[in-house]
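Contents: one structure, followed by commentary.
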Amino acid sequence: MTAPLPTQVPRRSVRRSPHAPARRAVATVFAAQGAAVAAVSTTVPAVQERLSLSPLTMTVLVVAVALSAGVGSFAGLAVIRRLGPVAAMRVAVVATAVALLLIGWAPDHAVVAVSYGLFGMALGCIDVSANTRAAAVERHYGRSIFASFYAAWSAAGVAAALLTAGTADLGWPAEYILTAQAGLVLALALTVRSHALPAESPFAVSDPGESVVLGRGLWVRLAPFGLVLLVAYVIDSTVASWSTLYLHQTLDATLSVAPLAYAAYQVGTVTGRACADRLVRRVGPAAVVRGATLLTATALAGLAAAPSWPYALVAAAGTGLGVSALAPLCLASAGRLRPGATEAVLARMNVFNYIGVLAGGAASGILGSTGHFRLAYAIPAALVLTLLATARSFNHRRSKS
């Protein structure tokens, strides 16, 4: 009679726990964003050819996405405070799917520019709302799980990139490809359910005046994480936004093969993020940052020197493996600085994010439009080595959390 009791107690506690449903909901939103970003990134050549856009115009549009995402991040902060992070995530994901449709079916340059701007706004709102919720869920788990959300982001990116490659191989035009991608994003949005964390949940959003309390000192504490995040997104933007065009223009890959570079990059990030939480718990975040930095620098150098597209695919996967843990570690560390005002802290972290996207997207696009895509990957290979100096900051924050 005593044997069943131990088995019944854990079963009851698991049933009552809201953590797993909340974690699934956040992972789904991350997946939707990853699929949407992949859809836009892998269709750059197709949209460019469909509307006869110049390389410089395409670069401006990519930069516009980053600028509008920065605005969307702070707009998302207001939506979170009014509706809560779950409702904000849902609204932003649906808006992202609508933007994909508009990009695909845009009849002229003006409409496609507005569509890319809407897409960026929606991405920014997803960023701040999903990361706020992710930080709250991680605090309830009491251990590192942040990278698992980004693994879902990358896995969906792989699926979307393969969808682009497959449909392009079938001869689908850009508008049909992006319609299929919008359907994928909407399907993910429909599975997001509201799941409250316990009443004492530390995810509760701060008052509007909280941003004043955060003060100038917060920027100082965010600086090491911000630098890592900035460089990580310089690299991510360079590979994600332009690798398809790099393979197509520089390495003579077909439109059906070129998106595989993005897929390979995301396969690397999925692999790295699936292991990152365990590595952080085993060797500490500083060691993970150092190892990731060295691997990323080596892989980027290989991507810059790739003699043909198969070599570029291997290098892109290595780059994704190396850079994969950097953003989750930065955001998790920053989110712990002010548990009662996570959404405000992460909105500030997104400033570094979008500066990195702007710098990487603009510089790579300009270099690519002048025929120097290889240089666009060689420069970040040297830049990433500067992150070795920031690694100790992650252990310092960990010891205080």
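Values computed for the structure shown
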| item | result |
| --- | --- |
| Among T43, T254, T59, residue whose mean-square fluctuation peaks in a GNM of the chain (springs only between Cα atoms under 10 Å) | T254 |
| Neighbour net charge for L188 - beta-carbon separation under 14 angstrom, K R +1, D E -1 | +3 |
| Unit Cα scatterers, Debye sum, segment 234-283: log10 I(q)/I(0) for q = 0.17, 0.18 Å⁻¹ | -0.57, -0.61 |
| Helix 373-383 vs. the chain, principal-axis angle (Cα, 0 to 90°, nearest 10) | 30 |
| Gaussian network model of the chain, Cα within-10 Å springs - most flexible of L321, L51, L245 | L51 |
| Gaussian network model of the chain, springs between alpha carbon atoms under 10 Å - residue of R24, R273, R281 with greatest fluctuation | R281 |
| In degrees, nearest ten, helix 174-190 long axis to first principal axis of the chain (Cα) | 0 |
| Approximate shape of segment 219-304 as ellipsoid semi-axes (Cα gyration tensor, √5λ), whole Å, largest first | 28, 16, 11 |
| Net charge of Cβ neighbours under 12 Å - reference V137; Lys, Arg +1; Asp, Glu -1 | +4 |
| E175, E138 arranged by Cβ crowding within 10 Å, fewest neighbours leading | E175, E138 |
| Crossing angle, helix 4-16 versus the chain [Cα axis fit, 0-90 degrees, rounded to tens] | 60 |
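Laboratory data are not the source of any read-out in this text; all were calculated from the coordinates shown. None of the values given here were measured: they were computed from a predicted structure. Cβ: placed from backbone, ideal geometry, glycine included. Neighbour counts: every protein chain shown.
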